[in-house]
Amino acid sequence: MDIRHHPDDEMLLAQATGRNDVGTRLVLASHLELCGHCRERLRVLEAVGGAMLGELDPATVAEDALERTWARIARQDAATPRRIDASAPPPLPQGATWPRALAHCRATPWRWIGPGLRWSRISVPQASEANLFLLRVAPGKYLPRHTHTGRELTQILCGRFHDGRALFGPGDFDAADAEIHHQPVVQEGSECICLASVDGKLQFDTVIARFFGGLVGM
């Protein structure tokens with residue numbers, strides 16, 4: 001897999017230290033499953049962070065801190081489903097797989113939002129605030145031109161699109177914000193399926209696109 005677009009070091013460092021929000025963490029984890037280059041970068045950042053922690057003065061904790069930690073983990077494990085719901089979208093094209101990072105999540109069936117456009121809402125247990133979804137776009141189709149009020153993270157699961165800045169293919173990762181004004185156009189030959197997390201809203205150029213975007217929480 002020829003992966004050309006990666007998250008920056010700041011985002012990987014936040015992943016290593018547990019500071020990423022749920023949506024960011026899951027999209028980034030999906031990228032790391034496919035990208036050995038970024039897994040190695042993350043390993044280095046974790047090693048550096050561990051060395052820095054080792055230089056800190058010891059902190060005093062309660063005697064039952066370990067027991068309470070294990071109990072909390074056990075409660076969370078018991079409340080977390082282990083597989084995507086039976087209503088999950090249909091299988092990906094041959095050679096592509098759903099991210100393991102979504103194994104504890106639920107996904108709705110594909111829903112129509114425009115000619116050649118489908119979407120599926122991803123629900124994350126105990127994190128209802130996460131705005132996470134799958135987009136499925138037919139060859140030659142495109143998303144309406146838009147910018148963002150916050151940050152939009154995209155992991156390409158299969159297919160390719162060009163948004164005027166660059167060509168993105170399987171395994172690629174993209175981060176867009178209010179400074180990016182683009183229109184992803186899916187290339188001929190294969191549909192494109194992406195996992196996306198949106199912090200804020202997409203700001204579509206046209207009234208019709210804004211209407212449909214509002215219906216699906218974009």
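Bear in mind that the values in this text are calculations on the coordinates, not laboratory data. Treat the numbers as computed from the prediction; the structure is a model and nothing was measured. Neighbour counts are summed over all protein chains in view; Cβ atoms, including those assigned to glycine, are modelled from backbone coordinates with ideal geometry.
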Exercise. Label points 7 Å out from Cα along the Cβ direction at H37 and T60: separation in nm?
Worked result: 4.9 nm
For this session: Quick one: order R19, R111 by neighbouring beta-carbon count within 10 Å, fewest to most.
Result: R19, R111
Exercise. Gap in Å between the Cα centre of segment 26-44 and the Cα centre of segment 147-211?
Worked result: 20 Å
